[in-house]
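Down below is the structure, laid out as structure tokens.
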Amino acid sequence: MPYELVYIVRPTVEEQTLAAVKERVEKFIASGGGEITRRDDWGKRRLAYPILKFNEGFYTVLQMNLPPPAVRELERSLKLTEDILRYLVVRLDSE
């Protein structure tokens, strides 16, 4: 099923750590039997409201195909990743 994932990484991470977080998220998706169909890195953006006293974060948007049971495991893995401030997984309508 098609899903979209948006996640925000702490602004204090270094470039190597940011790349490692992106790679880790890709591994979570691949281990759940999914594939990324589109990736869009928005870079550092200002947050609408402070999260854990941070006013900025690195945004990444992924569109992916993922089996529905793997979504819960993906969300659990994202929640346990300390460098990710917020995430949102949304199921896209099949057209």
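Here, each number is a calculation from the coordinates, and none is a lab measurement. Since this is a predicted model, take the numbers as computed values, not measurements. Please note: Cβ atoms are built from the backbone with ideal geometry, for glycine as well, and neighbour counts cover all protein chains shown.
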Describe numerically, in nm with one decimal, the distance between label points set 7 Å from Cα along Cα→Cβ at Asn65 and at Arg38.
-> 1.5
What nm distance separates the two modelled labels at Lys53 and Glu14, each placed 7 Å from Cα along Cα→Cβ?
-> 2.2
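Could you compute the net charge surrounding Asn55? Neighbours are other residues with a C-beta less than 11 Å from the C-beta of Asn55; K and R count +1, D and E count -1. All intermediate terms of the calculation are to be shown ahead of the outcome.
Values: positive: Lys44, Arg45, Arg46, Lys53; negative: Glu56.
Net charge in that neighbourhood comes out at +3.
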Unit charges at the beta carbon, dipole of the chain: most positive-side option, Ile29, Phe54, Thr12 = Phe54
How are the Cα pair distances of the chain distributed, in percent, across 5 Å bins from 0?
-> 3, 13, 26, 25, 18, 10, 5, 1
Dipole axis of the range 29-95 (+1 Lys, Arg; -1 Asp, Glu on Cβ), positive-most option in Gln63, Tyr87, Leu74 = Tyr87
Here FRET efficiency (C-beta to C-beta, Arg46 to Asp93, R₀ 35 Å, nearest 0.05) is 0.70
Glu26/Arg86 FRET efficiency (R0 22 Å; Cβ-Cβ; nearest 0.05) = 0.75
About the Cα centre of the range 2-91, how large is the charge dipole given +1 on each Lys and Arg Cβ and -1 on each Asp and Glu Cβ? Please answer in debye to the nearest 20.
-> 300
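Over the chain, what is the relative contact order in whole percent, taking alpha-carbon pairs under 8 Å and six or more residues apart? Don't jump to the answer; show the numbers that get you there.
Values: 159 pairs, mean separation 45.7, N = 95.
The value is 48 percent.
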For Lys27, which lysines qualify as cross-link partners when the Cα separation must be under 27 Å and same-chain residues fewer than eight apart are set aside?
-> Lys44, Lys79
